[in-house]
2 protein chains.
Amino acid sequence: MSARRQPAPRLNNRRAEICRTAAQMIRERGFDATSVSDIARALGITKAGLYHYISGKEALLFEIMSFGMDQIDAEVVVPTRSIRDPEERLRQLMIRHARIATRAQGAVAQLADEIRALPPPARKKIKLRMRAYFDFVRDTLAELHAAGRLRDIDLTVATFTVLGMILWQPRWFRQGGRLTDEHVAVQVSELALAGLLRPQARARQRGLRIV
Amino acid sequence: MSARRQPAPRLNNRRAEICRTAAQMIRERGFDATSVSDIARALGITKAGLYHYISGKEALLFEIMSFGMDQIDAEVVVPTRSIRDPEERLRQLMIRHARIATRAQGAVAQLADEIRALPPPARKKIKLRMRAYFDFVRDTLAELHAAGRLRDIDLTVATFTVLGMILWQPRWFRQGGRLTDEHVAVQVSELALAGLLRPQARARQRGLRIV
């Protein structure tokens, strides 16, 4: 509510706006069919103005995917990695990741398929970041498994299914309807936890705080 | 193993081959960037030969989506709709649908997004069929809810999540690896059932036959 200028957040807001608008257009029309001029027009700026931020269409795609991974790092990994109890860490990461995924009609989250349009070095960088996040989720499940708290399920199957349960939400959820994003995220994470964990290994976790 | 000719299955095989090859190309390149000539070349036939089966690219897309829905009807809905116990029906439908979804690298199952490329009347026909299938899954969950066997979860959230757990499998599963499609389908359906159903309402179902 302060009137003082904060340059960093403003730059971040501009980055978010460009990434989300571009992601939505690319998702609707396909990467090949979307031009830099189209995106500039949708943002209400000139093509030259957009080139102030990005050097070309592939660079923009890389920027959108980096933006998505930055959000996951800042809003999912950093706030949850120090949660000691792996069940609570899993719950929090599912809810927090779902929040990002359904934001702005899920435009950024649903662009992952377009990774094929990136030049190999850029593609490799994004894939390494995706892989690190996959391992973060998998390690949490492995910890539950080691403690005998996981049902009989393959860790790879469990990890992909957890990520799918998060990333499916933007495919059907619409803001402003009967359900809130938070309501959906909590219900889906509860379904996952009840499905993954042995019932006798739960309950005692209930006292932990949901942030 | 009989040497006798069976025209109907052969025609069906041809239809499946055309639909799967075209679906894979459209998925890789995007609908706009894929031409009928490209698809004919990939099938090893002439463009005229392909026009023997379809009248154009939009008709082909409609054909692929109808093929997908035909498979769901024949291999999921028809064999499971008469299963009286809703838990067993849900398990069977998840396993059977996953089998179709991961077939041929999931090309057909993953083309649903391209529905936007269909002319409105064709799009409406496919959407009505998708909606009927959604209702089939939702009705099964509603039956479990009415019997007090479902955990506290919104039926819409539960239905979309069940469908997402099935349709996510082709996004990461690859045939010929450490896990079989059947193994993955069973594990994912068990995760869903354990997550959706109250534990005290289960167990007695265990005697039912898995087909």
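Quick note: the coordinates plus some simple rules give every number you see, no bench work behind them. Please read all numbers here as calculations on a predicted model, not as lab measurements. As a convention, Cβ positions derive from the backbone with ideal geometry for all residues, glycine included, and neighbour counts pool all protein chains shown.
Helix B:155-167 axis versus longest C-alpha principal axis of chain B: approximately 50°, rounded to the nearest ten. Taking a ≥ b ≥ c as the square roots of the Cα gyration tensor eigenvalues, the protein assembly as shown comes out oblate, since a/c reaches at least 1.5 and a/b does not exceed b/c. On the rotation that sends chain B to chain A, the chain B Cβ lying closest to the axis gives residue and distance in whole Å as B:Gly195, 1. Let me know the shape class of region B:109-184, please: from the alpha-carbon gyration tensor, a ≥ b ≥ c as square roots of the eigenvalues, rounded when a/c is under 1.5, otherwise prolate if a/b is greater than b/c, or oblate. Taking the square roots of the gyration eigenvalues as a ≥ b ≥ c, region B:109-184 is oblate. Once the label point is placed 7 Å from Cα along Cβ, list for B:Ala201 the distances to the corresponding points in the other copies, in nm, shortest first. Shortest to longest, the spacings are 2.5 nm. Is region B:62-207 rounded, prolate or oblate when judged by the Cα gyration tensor, a ≥ b ≥ c being the square roots of its eigenvalues, rounded requiring a/c under 1.5 and prolate requiring a/b larger than b/c? Oblate. With 25 Å as the limit on Cα-Cα distance, the pairs of A:Lys47/B:Lys57; A:Lys57/A:Lys125; A:Lys124/B:Lys57; A:Lys57/B:Lys47; A:Lys57/B:Lys57 that go past it are A:Lys47/B:Lys57; A:Lys124/B:Lys57; A:Lys57/B:Lys47; A:Lys57/B:Lys57. Cβ-to-Cβ counts within 10 Å put B:Arg123, A:Arg91 in ascending order as B:Arg123, A:Arg91, the fewest first. Amide H contacts of A:Leu197 (H built 1.01 Å from N, in plane; Pro and chain starts excluded): A:Arg151 sit under 5 Å, all sequence-distant by 5 or more or on other chains. Ranked from shortest, the separations from the 7 Å Cα-to-Cβ label point of A:Ala33 to its equivalents in the other copies are 1.3 nm. Would you mind checking region B:82-124 for residues with the amide N under 19 Å from a putative spin-label position 7 Å along Cα→C-beta of B:Leu155? Within reach of a label on B:Leu155: B:82-91, B:93-94. For a Förster distance of 22 Å, can you work out the FRET efficiency between the beta-carbons of A:Arg174 and B:Ala146, rounded to the nearest 0.05? The calculated FRET efficiency here is 0.25. Here the spin labels are modelled as points 7 Å beyond Cα on the Cα-Cβ line, and at A:Ala16 and A:Ala132 they lie 2.2 nm apart.
To the nearest ten degrees, helix B:120-146 and the longest principal axis of the Cα atoms of chain B are 20 degrees apart. Angle check, please: helix B:181-196 long axis (alpha carbons) against the longest principal axis of chain B (alpha carbons), in degrees 0 to 90, nearest 10. Helix B:181-196 and the main axis of chain B meet at about 40 degrees.
Each copy carries A:His52; placing its label point 7 Å along the C-beta direction from Cα gives inter-copy distances of 6.0 nm, listed from smallest up.
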